[in-house]
Amino acid sequence: MNKKLNIKKLPKKLIFQHVNILDPLKEKVFKGNVLIINGKISEIGKFEQPADAKTINCEGLTLTHGFCDLHVHFREPGDENKETLMSGSRAALAGGFTRVCTMPNTTPPIDSPESISFIIQKSKDCPIHIHPFGAVTQGQKGKEITEMGLMYQAGAVAFSDDGLPIQNGLVMRKALEYSKMLDVPIINHAEDDCLRCDGVMNEGIMSTRLGLPGNPSISESTMVHRDLKLAEMTGAKLHVPHVSTAASVKHIKEMKSVNNKITAEVTPHHLFFNDEDLVNYNTNLKVAPPIRNNSSRKALIKGIKQGVIDCIATDHAPHSLHEKETTFDCASFGMIGLESCFGIVKRLLVDEEGLSLIHLVKLLTIEPRRIMGFSSNLLEIGAEAELVLFDANKSWKFDKANISSKSSNSPFLGKELIGKVKYTISKGNIAEII
Ligand SMILES: [Zn+2]
């Protein structure tokens, strides 16, 4: 258990003093105090401070909406040794996330109203808000559509077969037609199985040098293109997850100019690494879709700057040691991402790439909430306190002591990050990250 994460119940009255308040909705930053009474925002700015309130001096810290991640794998049910809804929630709090959407590729998959209810029930005791995605097809086999209407009524907020791309265009068309009736997005892990073949890393000079089977960029971009055209035809919402290639960004940009129901996310790892980083066969860099070359990476950053990419999502994918401590060919795909996310993207996008802090915070807060239709007016008086406080300029080294996940498969271990979450407030709790 992470000794650097300390979760307590919020005191009855709490004041964050002298804090930089970043409102991503109004796109402004101002200095002031924030009073929370009984877990709700009571006052913001300048006000008479009640004498019986606890106070925290937040000089140098920024307070904003709690982060929201549309792409996590919490492995429950079936692989609780890797992660549970509770351990995943702790990892989320350590990273400043107060709200996540869980992918349905568990064992068994979340493909029925009953399994949606299972996640909803088990999440009630968790210190963050958890919204399950339901599977698109029964058993995630890519053939028969699930009972999407009943799953939606049970609490599914969107549908995905993530991990397993929907290969059959007719199945994808039907999925979009049903989801349109529910007005929720389909999130398809876009990789053409035939083109991907047995590729384990990006196809290019590096895969040749390393002697590993390559997965070409076009395996993603052709399926992204198909999905965009089907979304246009059906009028349904499509959210493109973990975009990794320049061609995908181009297709999304073109389609967004005529269809406002298209959204897209990118992961911190696709923004940070390129395929030359695989030179030492680090299996923690084996992900799906793969880490691409540097020009693709730059296209993703440009996609963020131009507003083609709507949000950042971690694709937090815990794996046990034995699944990663093997040869690159045999290792599982995926890495954890919740705890390190903010320090990576703050360093990369703001400090190195010149993005404004407000833009970055939008990518982690109001944009993902907008895509899912979650409430995004979190600094309103009377709103439930769902906040994060971070030191934007704190530089720190990510190590195992910072990990709250049950797994530690991260290529960011040992990396210098800039920007550190200090407090996360969620569901009546305050988590302090030391
Ligand atoms: Zn995926």
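The values are calculated or read from the model by the stated rules, or taken from the named source; none is laboratory data. Since we're looking at a predicted model, the values are computed, not measured. A quick note on method: Cβ atoms are made from the backbone with ideal geometry, for glycine too, and the neighbour counts reach across all protein chains shown.
Worth a mention:
- You will find that of 89, 123, the residue that is among the small types (Gly, Ala, Ser), more than 22 Å from residue 141 (Cα to Cα) and in contact with a helix residue (DSSP H, G or I) (Cβ under 6 Å, 6 or more places away or on another chain) is 123 and no other.
- If you go through the stretch 19-70 and pick out every residue that is touching a Cys at 6+ places or on another chain (Cβ under 6 Å) and within 30 Å of residue 132 (Cα to Cα), you end up with 1.
- Within the stretch 97-202, helices (runs of 4 or more DSSP H) holding 1 or more residues that are in the same structural domain as residue 335 (by TED's automatic domain parsing), without any contact (Cβ under 8 Å) to a residue 40 or more places away in the chain and within 30 Å of residue 281 (Cβ to Cβ): 193-196
- Scanning the stretch 297-343 for residues being over 18 Å from residue 414 (Cα atoms), charged (D, E, K, R) and part of a loop (DSSP other than H, G, I, E, B) gives a total of 3.
- Residues that are under 18 Å from residue 99 (Cβ atoms) and more than 16 Å from the ligand (Cβ to nearest atom) occur in the stretch 148-156; there is at least one.
- Hits in the stretch 240-282 - residues which are more than 16 Å from the ligand (Cβ to nearest atom), closer than 17 Å to residue 202 by Cβ and free of Cβ contacts under 8 Å to residues at least 60 places away in the same chain: 246, 247, 274, 280
- Residues that are touching a residue at least 60 places away in the same chain (Cβ under 8 Å) and basic (Lys, Arg), drawn from the stretch 40-72: 40
- Filtering the stretch 173-190 to residues that are out of contact with any Gly (no Cβ under 9 Å at 6 or more places or on another chain) and either within 16 Å of the ligand (Cβ to nearest atom) or among the small types (Gly, Ala, Ser) (or both) leaves 175, 179, 185, 186, 187, 188, 190.
- Being of a type outside the set (A, V, I, L, M, F, W, C) and surrounded by 22 or more Cβ atoms within 10 Å (Cβ to Cβ) is a property that residue 125 lacks.
- The stretch 128-146, subset surrounded by 16 or more Cβ atoms within 10 Å (Cβ to Cβ) and not hydrophobic (A, V, I, L, M, F, W, C), residue farthest from residue 7 (Cα to Cα): 142
- Qualifying residue in the stretch 33-46 (condition: in contact with a strand residue (DSSP E or B) (Cβ under 7 Å, 6 or more places away or on another chain) and within 30 Å of residue 406 (Cβ to Cβ)): yes
- Filtered residue count, the stretch 126-173, keeping only those that are over 21 Å from the mean Cα position of the chain (by Cα) and under 30 Å from residue 431 (Cα atoms): 1
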